[in-house]
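Okay, so here's the structure we're looking at.
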Amino acid sequence: MIKFRKYSKYLGLPLAILISVLIFTFRDKFTELKAYGYFGIFLLSVLGNATIILPIPVILAAFLGGGIFNPFWVAVVVSLGSAIGELTGYLAGISGREVIKEKERLIRIREWMNKWGLWIIFFLAAIPNFLFDLAGIVSGASKIPVHRFILVTWAGKFIRYLLIAYLGAGSAQALEKFF
């Protein structure tokens, strides 16, 4: 375990990039996971959020899943998978401390985090935006404890996906009335 800690700052960024490239390359295969119910939606959300900057449509999985399954449980499953998937950005931050010092957006997010703490992680997780990956990188570089990062990320994403899953359920019910 001590050797892993010693080398983790060198392995995190390449590992996060490798995961992102693999997921982006095989993204068409992930849509088949939906056929496996909640477990498939969970895996889709982990993989969809494990990419850094490269978008995979997890919102669509939550929307469609809410129309098929119980929207509350879809939100729980998708937000948990999303929070776990966001660890790739966190890992990139652990190993990329020197890289983030010079990037303007990362500096801005670090300033926000210094001012508002974990609330900025919660807020960025709750709304669809491209800045969350950067916030994960800053979190890793700032040595925020991983359990706090995951908990706050999950809470923000739960609110986002709860709304989206219920929108999907409502849309499915509305369509059933017409067809």
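The values are calculated or read from the model by the stated rules, or taken from the named source; none is laboratory data. Note that this is a predicted model, so its numbers are computed, not measured. Here the Cβ positions follow ideal geometry from the backbone for every residue, glycine too, while neighbour counts run over all protein chains shown.
Summary of values
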read-out: Selection status of residue 36, at pLDDT below 85 and part of a helix (DSSP H, G or I); value: yes
read-out: Total residues in the range 120-167, condition closer than 21 Å to residue 75 by Cα, surrounded by fewer than 23 Cβ atoms within 10 Å (Cβ to Cβ) and basic (Lys, Arg); value: 2
read-out: Matching residues in the range 120-150 - criterion: being assigned to a helix (DSSP H, G or I) and without any contact (Cβ under 8 Å) to a residue 24 or more places away in the chain; value: 120, 147
read-out: Restricting the range 108-119 to residues that are on the phi < 0 side of the Ramachandran plot and exposed (fewer than 14 other Cβ atoms within 10 Å of the Cβ), the residue that is modelled with the highest pLDDT; value: 119
read-out: Failed item in (1) modelled with pLDDT of 85 or more; (2) closer than 28 Å to residue 78 by Cβ, with residue 94 passing the rest; value: (1)
